[in-house]
Amino acid sequence: MLIAALISAGLLYSVVCTALGAGIPCPIKSITGLECPGCGVSRMCISLLQLDFASAWKANPAVLLLLPFFLYIAVRLGISYVRCNKKTLSKVDSVLVYSACAVLLLFGIFRNII
């Protein structure tokens, strides 16, 4: 039910953003003028829904590249929860998640330098 609610909310948000031509502004960018690692994710998701991969890449290439990895981790967590009622990641998966976070942090730094 939670997943269905999240998907429905995401689709509704994409329809509203597409109709209005605007989304939720990033508070970090509004305050500092710098783009955070997540800036452009809404535009990226809307572009992916429209199968416009070039626009998705322009919006946020780091998250686009890490998207399959995040889906893998979500599936692994779901399987672990269903099979073992366990809500934690393995040590290897945890290291991978921390590595992905480091990549996003570096992306956030470099995107503001360039």
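The values are calculated or read from the model by the stated rules, or taken from the named source; none is laboratory data. Keep in mind it's a predicted model, so treat the numbers as computed, not measured. Please note: Cβ atoms are built from the backbone with ideal geometry, for glycine as well, and neighbour counts cover all protein chains shown.
Quick notes
- One residue from Lys91, Lys86 being modelled with pLDDT under 85, among the basic types (Lys, Arg), over 18 Å from the mean Cα position of the chain (by Cα) and more than 13 Å from Pro37 (Cβ to Cβ): Lys86
- Criterion violated by Ile7 - all others in (1) surrounded by 12 or more Cβ atoms within 10 Å (Cβ to Cβ); (2) free of Cβ contacts under 8 Å to residues at least 40 places away in the same chain; (3) within 15 Å of the chain's Cα centre (by Cα) satisfied: (1)
- Hey, Gly10 at pLDDT below 85, touching a Lys or Arg at 6+ places or on another chain (Cβ under 8 Å) and not hydroxyl-bearing (Ser, Thr, Tyr) or not: no
- Residue selected from the stretch 100-114 under the condition of a type outside the set (Lys, Arg) and over 15 Å from the mean Cα position of the chain (by Cα), by the criterion modelled with the lowest pLDDT: Ile114
- Here the helices (runs of 4 or more DSSP H) wholly within the stretch 24-68 that include at least 3 residues being crowded, with 17+ Cβ neighbours inside 10 Å are 41-49.
- Per-region count, the stretch 69-114, residues small (Gly, Ala, Ser) and surrounded by 14 or more Cβ atoms within 10 Å (Cβ to Cβ): 3
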